[in-house]
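Enquirer: Below: one structure in structure tokens.
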Amino acid sequence: MFFIFGWNHTKITEYGAVQEEKCQNCHNTDIWQLKKISRYFTLFFIPVFPHDSENLYHCPICNYGLKLEHEEFEDYKAIAEVNTNCLDKKITEEERSNRLDEIHRKMQQRNESRNSKNRQDSKKWETLAAEKSDAELQTILAQKSEQYNPAFIIAAKTELDKRKS
Ligand SMILES: [Zn+2]
């Protein structure tokens, strides 16, 4: 009994057009595309299961792109689906614009809740830095910065600057 197996089968799923972006690489403004690249474990050359995947949002001209996290990818996929359905005349232009508004609203809400969490976190580090003496803060910055959360180090520097001025 023997098995022939491999890891290298690649499957590309195209989700289509998302929205217009200006490319940082080739400087063209065009409609960026969404795709998923999945790498499969194969057995006797037959793809069995995906072991790795990347969600890419990219420029159609030079292929420069961004890797998307799961939540962002789901939003962009929803936008691409709405666009494809409209091109295929499954939905009207008006339905397309309503659905896109809804998706953008959802994306904005998520950004806001993420930002407010970041603000709360930085407030926590600021409070912690404010409780320490000048000498303690200087020692931390000079000798122990790698033992602390980078966000605390930023807060510690800001706190010291504030006290100096
Ligand atoms: Zn480009």
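Enquirer: Give a residue-ordered list of calculated ³J(HN,Hα) values for segment 131-146 (Karplus: 6.51 cos²θ - 1.76 cosθ + 1.60, θ = phi - 60°; whole Hz; x for Gly, Pro).
Expert: Residue by residue, segment 131-146 yields 7, 8, 7, 3, 4, 4, 4, 5, 4, 4, 5, 7, 10, 10, 4, 6 Hz.
Enquirer: Mean residue ellipticity at 222 nm from the helices of the chain, using -39,500 (n - 2.57) per DSSP H segment of n ≥ 4 over the full residue count, to the nearest 500 deg cm²/dmol?
Expert: -17000 deg cm²/dmol
Enquirer: Project the alpha carbons of segment 78-165 onto their principal axes and report the range along each, largest first, in whole Å.
Expert: Cα extents, longest axis first: 69, 22, 19 Å.
Enquirer: My understanding is that a pair violates if its Cα-Cα distance is over 20 Å; which of K123/K162; K35/K67; K22/K117; K36/K67 do that in this structure?
Expert: Checking Cα-Cα distances, K22/K117 exceed 20 Å.
Enquirer: A further question follows. Using θ = phi - 60° and the Karplus curve 6.51 cos²θ - 1.76 cosθ + 1.60, what whole-Hz ³J(HN,Hα) does each residue of segment 83-98 get, with Gly and Pro shown as x?
Expert: Karplus-based 3J(HN,Hα) across segment 83-98 equals 4, 5, 4, 5, 4, 7, 6, 7, 10, 7, 4, 5, 4, 4, 5, 5 Hz.
Enquirer: By a straight-distance test (C-alpha under 15 Å), which aspartates and glutamates pair with K106 as possible cross-link partners, with residues fewer than eight away in the same chain excluded?
Expert: Answer for K106, where 15 Å is the Cα cut-off: E71, E72, E74, D75, listed by chain and number.
Enquirer: Can you quote the Å³ per residue value for the convex hull of the Cα atoms in the chain, rounded to an integer?
Expert: That works out to 226 Å³ per residue.
Enquirer: Where is the GNM fluctuation largest for the chain (alpha-carbon springs, 10 angstrom cutoff): A130, A142, A151?
Expert: A142
Enquirer: Moving on. Taking the Cα centre of the chain as origin and charging only Cβ (+1 Lys, Arg; -1 Asp, Glu), how large is the dipole, in debye to the nearest 20?
Expert: Its charge dipole is roughly 380 debye.
Enquirer: Continuing with this model, one more query. For R110 and K157, FRET efficiency with R0 = 22 Å and r from the beta-carbon atoms, rounded to 0.05?
Expert: Here the calculated transfer efficiency is 0.15.
Enquirer: With just the Cα atoms of segment 5-68, tell me how far they stretch along each of the three principal axes, in Å, largest first.
Expert: In descending order, the Cα extents are 44, 18, 17 Å.
Quick note: the coordinates plus some simple rules give every number you see, no bench work behind them. All figures in this text were calculated on a predicted structure; none of them were measured in a lab. Quick reminder, even Gly has a Cβ in these numbers, built from the backbone with ideal geometry, and neighbours come from all protein chains shown.
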